[in-house]
Structure formats: structure tokens, C-alpha cells
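One structure is given below, encoded as C-alpha cells.
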Amino acid sequence: MDEEDAGMDDAGMDEERRPRTPGGQVPDGQVPDGPAGQLPHGPLAGFTVGVTAARRADELIALLRRRGAGVVHGPALRIVPLADDTELLAATEELIDHAPDVVLATTAIGFRGWVEAADGWGYGERLLDRLRGVELLARGPKVKGAVRAAGLTESWSPGSESMAEVLDRLLDEGVAGRRIALQLHGEPLPGFVEALTEAGAEVVPVPVYRWMPPEDIVPLDRLLDATVARALDAVTFTSAPAAASLTGRARERGLLDELLTALRQDVLALCVGPVTALPLQGLDVPTHQPERFRLGPLVQLLCQELPARARVLPLAGHRVEIRGHAVLVDGDLRPVPPAGMALLGLLARRPGWVVARAELLRALPGAGRDEHAVETAMARLRTALGTPKLIQTVVKRGYRLAVDPTAEAAYEG
């Protein structure tokens, strides 16, 4: 399965109503959908998320921004327009002229796109007539719906939506000497074609929505640089080719090791499903996937994972939550400039302990040797936090977070 097909139709979080707890809050950190009990910020406020998607990127970006996230969009791919795709045209003509025994439709949008492209070429009815005369398999209910919308009836569809179950059925039936047309969606299916070929089948790929490198590489480079610099808290992937494209671009620029270190240690890699995650897992990058391979659950998972990774400290009688580029002080969102976040992050790694100005100076991005830069950045940080007493000045030594006494004993113990 190419999970770029993961859609909003059965998981559109922005439109569906969410139940509330007796206290009026929305479960799972989700944003309320009405004026009553409206949160002042979303569950992703203060975090920055990278989006590598090409198709349906606007929907994913809208979901993230409505939950308060900052977004850096760097499309890792572009899609070859169907009307211009000579490979798809050639495959369609071959199947019309030489009937296959089996046609496997793997994605709803891919199957619809194929039929629409054939219609645009003047082959629409001939393709549908050909498909009516063969064993037509549909992987999952969405694909089955697309097949029926075209006026066709599937021969069989797995309940699990699993390509493994489809493969088992085909092999159990026996495929030796049979021609099987496989509707692809952006990428080959690893191991699937090989297993059929080894069993004696002739596989005819139908390449719908082929991926190509982006025409404008600058946004992808910007996303790559932000990941390496830890300016992102998470990067989302909705297709395996996008993950491979990002790592491939990093390799071209000599940044692969830095990218992998960032993704292994500091930047969360969110994939819409296990197939999408394969290129990253092959490079020992830990990934997270929702249980349902859709955009909505992907964003839900981000709403759980990123706040859970935030550092929460009791400082000077206040609850302080340190996020990627902002701080929540008693639930109020306080945007903080990068220099301030660098200082606060260093102080938070040793809560209650004094950190010397020289060490803080080294943490400042682009800082020179003048420790006055620390004082300036610290003043701006305190202003941004709105509560100056959260950070204490220790004369002639440096600065420390004003950890509450009861909590400080726990840190020192």
C-alpha cells in the first residue's frame, strides 16, 4: 500500500464533533470545535512540524495549524500528471489489447485516476469493458467503493486491507501462467511482484501517480536544514518515496549523518503507516505510526506525542511547560525567540543549578565572545515569559531556574 492515499474522508478531524469530558475539555488534547470551552491555543501550539507531502499537503497543513502548530513545508516529491504519463498510457493500451487474467486495484484514488485518465485518452469505455471480463480484486473498502463507482463489481476484497492477504489468496489459487495487472500508486510494492513472478505469473504494472523529484528543491532543502538544526519538533511522512527522497537529498548534500542523528535523538519521525516507515527504519530511525493509516489519526498521534515530550517544571509558583519554540506559563502560550529558547533549554537540562554565562554564551546561535549577548538574550527571554522571576540571576556566577523548594529537593535527591 502506498499510504499517500491516506485521506480525510473517514478521519476528518476538523469537521467531526468530539465528545467532551464533564469538565468541558476535549479528550486526547484535541481542540474544541465550538465557542464553549474554547482553548486559548491548540495542543500543538509552540511546536513546529515539517511536512514532506506533495499531494493533499494543504489538508495536512490545515489540520496542523488548526491545532496550533507552526509548519515548514518542503515537498519531497512531485506527481507526474496523469494526462502526460506515457507509461500509464502504454500500460492501458496493452491491457485493452491483451486481456489479463487478474486486475488488482490497490488504492481508491489511484483506480479513479486511472479510469479518468483512460477516459481523457478516449479509452474509458474500452478499459471498463476489459475490466468487466476479468477477475477484479480490490484491496479494502475504499478501493471497493471506487470500483463500484465506476460501474464495476469486484470479485473479492480482503477484510484486512492487507496486501499480504491478497498475495496469499493469489498464491493459494495458483498464478503460474497467469497475467496479473497490478495498479501501483507512486511506488513498487516490495516483495509483492517478486513473489508472484517466482510463482510463475506475468505481472503487468500499471503505474498511476508516479513520483518524481521536486522541480523546486529549495523548500525541501529548507526543511532538511531545519531538521538538522533541531528547529523542527517532528517531521511527517505520508509516503515511502517521500522518506527516501529526504534521506537521498541529505546524502547528496553530505548531511545524511546529521539528519539521521537528529531524527534518532531530537526530531520525531511520524509516518502514516508501516510501508511509509520502511525507508527510515532501514536507516535505524525510530518511527511512530497511528493505528489507522489516515491523516486524521496521524495528527492525533502528534497531539499526543509532542506535548508528552515537553519539559514541565514548577518554577516560582508557576507551571512552566517548555515546547519547541514557545513556553506555556500556567497554560498561557508565550512565544520565545530562538536565542531565548536556546538559553532556556540549557537551563532546563539542569533545573535549579547555576549555569555560567560563558556556557550560556556557547549555547546562543551565532554568538561571539561578548558575554553581554547573554544578558541581552536573557532580558528578552524574561520579557517573553512575562514572569521575570522564573529565572534568577546569581551575581558573578550566572543564572538558574527558580525551581520551587519542594521540587528542588526532588531534583537534588
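The values are calculated or read from the model by the stated rules, or taken from the named source; none is laboratory data. All values reported here derive from a predicted model rather than from experimental measurement. Virtual Cβ from ideal backbone geometry, glycine too; neighbours counted across all protein chains shown. Remember, those area values only see protein heavy atoms, side chains included, never the ligands or the DNA or RNA. Shrake-Rupley method; radii C 1.70, N 1.55, O 1.52, S 1.80 Å.
Considering each of LEU246, LEU232 in turn, give the residue that is assigned to a helix (DSSP H, G or I), open to solvent by less than 10 Å² (accessible area, probe 1.4 Å) and in contact with a Gly (Cβ under 9 Å, 6 or more places away or on another chain).
Numbers: LEU232 fails: assigned to a helix (DSSP H, G or I).
Unique residue meeting the criteria: LEU246.
Evaluate the following for LEU184: is it under 18 Å from PHE293 (Cα atoms), touching a strand residue (DSSP E or B) at 6+ places or on another chain (Cβ under 8 Å) and either outside any helix (DSSP H, G or I) or open to solvent by less than 20 Å² (accessible area, probe 1.4 Å) (or both)? Quick ask: steps written out before the conclusion?
Details: under 18 Å from PHE293 (Cα atoms): yes; touching a strand residue (DSSP E or B) at 6+ places or on another chain (Cβ under 8 Å): yes; either outside any helix (DSSP H, G or I) or open to solvent by less than 20 Å² (accessible area, probe 1.4 Å) (or both): yes.
Criteria met by LEU184.
Could you list all residues from region 142-155 that are surrounded by fewer than 13 Cβ atoms within 10 Å (Cβ to Cβ) and either of a type in the set (Lys, Arg) or modelled with pLDDT under 95 (or both)?
ARG148
Quick one: count up the residues across region 76-93 that are surrounded by fewer than 14 Cβ atoms within 10 Å (Cβ to Cβ) and under 19 Å from ARG179 (Cβ atoms). Write out each step before concluding.
In the first step, residues of region 76-93 are kept if they are surrounded by fewer than 14 Cβ atoms within 10 Å (Cβ to Cβ); the result is 81, 83-84, 86-87, 90.
If we keep only those that are under 19 Å from ARG179 (Cβ atoms) too, we end up with 87, 90.
Number satisfying all stated conditions: 2.
Does region 375-387 hold any residues that are closer than 15 Å to PRO335 by Cα and either open to solvent by 30 Å² or more (accessible area, probe 1.4 Å) or hydroxyl-bearing (Ser, Thr, Tyr) (or both), and which are they? It would help to see each step written out before you state the result.
Applying the first criterion (closer than 15 Å to PRO335 by Cα) to region 375-387 yields 377-387.
Selection gives ALA379, ARG380, ARG382, THR383, GLY386, THR387.
Note down all Cβ pairs under 9 Å where the first residue falls in region 116-128 and is open to solvent by less than 60 Å² (accessible area, probe 1.4 Å), the second is part of a loop (DSSP other than H, G, I, E, B) and small (Gly, Ala, Ser), and they're at least six residues apart or on different chains.
LEU128/ALA150; LEU128/GLY151
Report, by residue number, each residue of region 129-141 that is under 15 Å from VAL206 (Cα atoms), open to solvent by 50 Å² or more (accessible area, probe 1.4 Å) and not in a helix (DSSP H, G or I).
none
Would you please name the residue that is least open to solvent (accessible area, probe 1.4 Å), looking only at residues in region 187-215 that are assigned to a loop (DSSP other than H, G, I, E, B) and at pLDDT 95 or above? It would help to see each step written out before you state the result.
Here is the first cut: in region 187-215, the residues assigned to a loop (DSSP other than H, G, I, E, B) are 187-191, 199-201, 209-210, 213-215.
Retained after the next criterion (residues that are at pLDDT 95 or above): 199-201.
Values: ALA199: 41, GLY200: 38, ALA201: 11 Å².
The qualifying residue least open to solvent (accessible area, probe 1.4 Å) is ALA201.
For every residue, the table says whether it meets (1) farther than 29 Å from LEU167 by Cβ; (2) over 26 Å from the mean Cα position of the chain (by Cα).
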site: VAL49; (1), (2): yes, no
site: LEU82; (1), (2): no, no
site: VAL115; (1), (2): no, yes
site: ARG139; (1), (2): no, no
